[in-house]
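Below is one structure, written out as structure tokens, with a few remarks after it.
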Amino acid sequence: MISSDSLQAFVLAAELGSFSAAARRLGKAQSAVSTAIANLEIDTGLLLFDRTTRSPTLTPEGRALLPHANGILLGTRELMAKAGSMAEGTEDRLGLVVEQGINAAPLYATLDVFSEMFPTVSLEIFTTGPADTGALLKAGRADLGLMIEQESYPVGFQFRGVGHTTIVPVCSPEHPLAACPDPGYTELRQHRQIVLRSRYRTPGDLTDEVKSPKIWQAENPELIVALVLRGLGWAELPMPSVSRHLAAGTLLRMACAFQQSDEHEGIDVVWTEQRALGRAGHWVRDQLLAVPQDEWRGC
């Protein structure tokens, strides 16, 4: 029977590119990892790594089996996480991650009640740039996330849409674009755009967000607001990040000619099957899913 130790050694060696790196990650001797992978090759009757190169590389058979090995390990982790959650009932710690720019007021209202219902649960709250929430969930550092929706999620992720946030094009009142009543692409391209982006996305991933060939990028919407306030560029930002500046007149909301109505982005509550929620996590998730959609807009 194939052992989970052999599968884990195989997956880590493939991901890290060496048996020694896999051994360090597992806290084992390199010989133990080499033996585990050799045993897996015996069990499958296939050569999984080409050892004639400087660093072991996956054979075609190894590449074909790697997703299946990952799937088996994920299923095992899900089973153990579920069993642990059932045995413990209420978890000791709950990690929440909230993407910057999302209106967090509904979450705060939920936590008011949470503090009374689960006084012994240690709560850790993370804030992330766009699309970075999944990285914390995948790493097991967080149990639940609030994030701008993605077109697709990795295997093992679960999500439910809860509402929308409005994306607003803004500039400072002193910026040249402020004098243009309805700027189009031609006018926007003449000025620097400051783009909200994820640390895990490459510049090539920026498609719809970029409307100017001259861009700066940052993962913190508050930092982008500060730059726009100084007249260093224009930006498209979530309404919760700019509403008070719009009300105070320190930022101007542009009415772009190509955009006849407000642009909206969905907000998802996200969790993973890999890290089963305990009683406290289930409660927080269900409360967030029950919040009326209009309360998420923050405007």
Just one of (i) 25.7; (ii) 19.2; (iii) 22.3 is Kirkwood radius over Cα pairs in Å calculated from these coordinates, so which is it? (iii)
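When each pair of different Cα atoms in segment 4-87 is counted once in the 1/r mean, what is the Kirkwood radius in angstroms, to one decimal? Display every interim value, and only then the final one.
Values: mean 1/r = 0.0754 Å⁻¹.
Hydrodynamic radius (Kirkwood, Cα only) of segment 4-87 equals 13.3 Å.
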Under the Karplus relation 6.51 cos²θ - 1.76 cosθ + 1.60, θ = phi - 60°, what is the ordered set of whole-Hz ³J(HN,Hα) values for segment 122-130, x standing for Gly and Pro? 6, 10, 10, 10, 10, 10, 9, x, x
When the Karplus curve 6.51 cos²θ - 1.76 cosθ + 1.60 is applied with θ = phi - 60°, which whole-Hz ³J(HN,Hα) does each residue of segment 215-226 get, with x for Gly and Pro? 10, 10, 9, 8, 9, 10, x, 5, 5, 5, 4, 4
Report the paramagnetic label zone for residue 117: residues of segment 262-285 whose backbone N is under 16 Å from a point 7 Å from Cα along the Cα-to-Cβ axis. 277-285
On a C-alpha basis, how far is the centre of segment 146-176 from the centre of segment 8-25 in Å? Whole number, if you could? 36 Å
Residue-by-residue Karplus 3J(HN,Hα) for segment 146-163, coefficients 6.51, -1.76, 1.60, Hz, glycine and proline x: 10, 8, 5, 4, 10, 5, 8, 10, x, 4, x, 8, 10, 8, 9, x, 10, x
Under 18 Å from residue 211, Cα to Cα: aspartates and glutamates that are on another chain or at least 8 residues apart: 182, 187, 219, 236, 262, 263, 265
Taking segment 220-289, which chymotrypsin sites (Phe, Trp or Tyr not before Pro) meet the DSSP loop condition and have no more than 16 other C-beta atoms within 10 Å? 258
Putting +1 on Lys and Arg Cβ atoms and -1 on Asp and Glu Cβ atoms, find which of 283, 47, 110 reaches farthest to the positive end of the dipole of the chain. 47
Under the rule of at least 5 residues apart or a separate chain, name every residue whose amide H is placed under 5 Å from the amide H of residue 59. 49, 50
Which one, 139, 271, 56, is farthest towards the positive end of the dipole of the chain when Lys and Arg carry +1 and Asp and Glu -1 on their Cβ? 56
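Every number in this text was worked out from the coordinates using simple rules, so none of it is lab data. If you're wondering where the values come from, they're calculated on a predicted model, not measured in any experiment. Cβ: placed from backbone, ideal geometry, glycine included. Neighbour counts: every protein chain shown.
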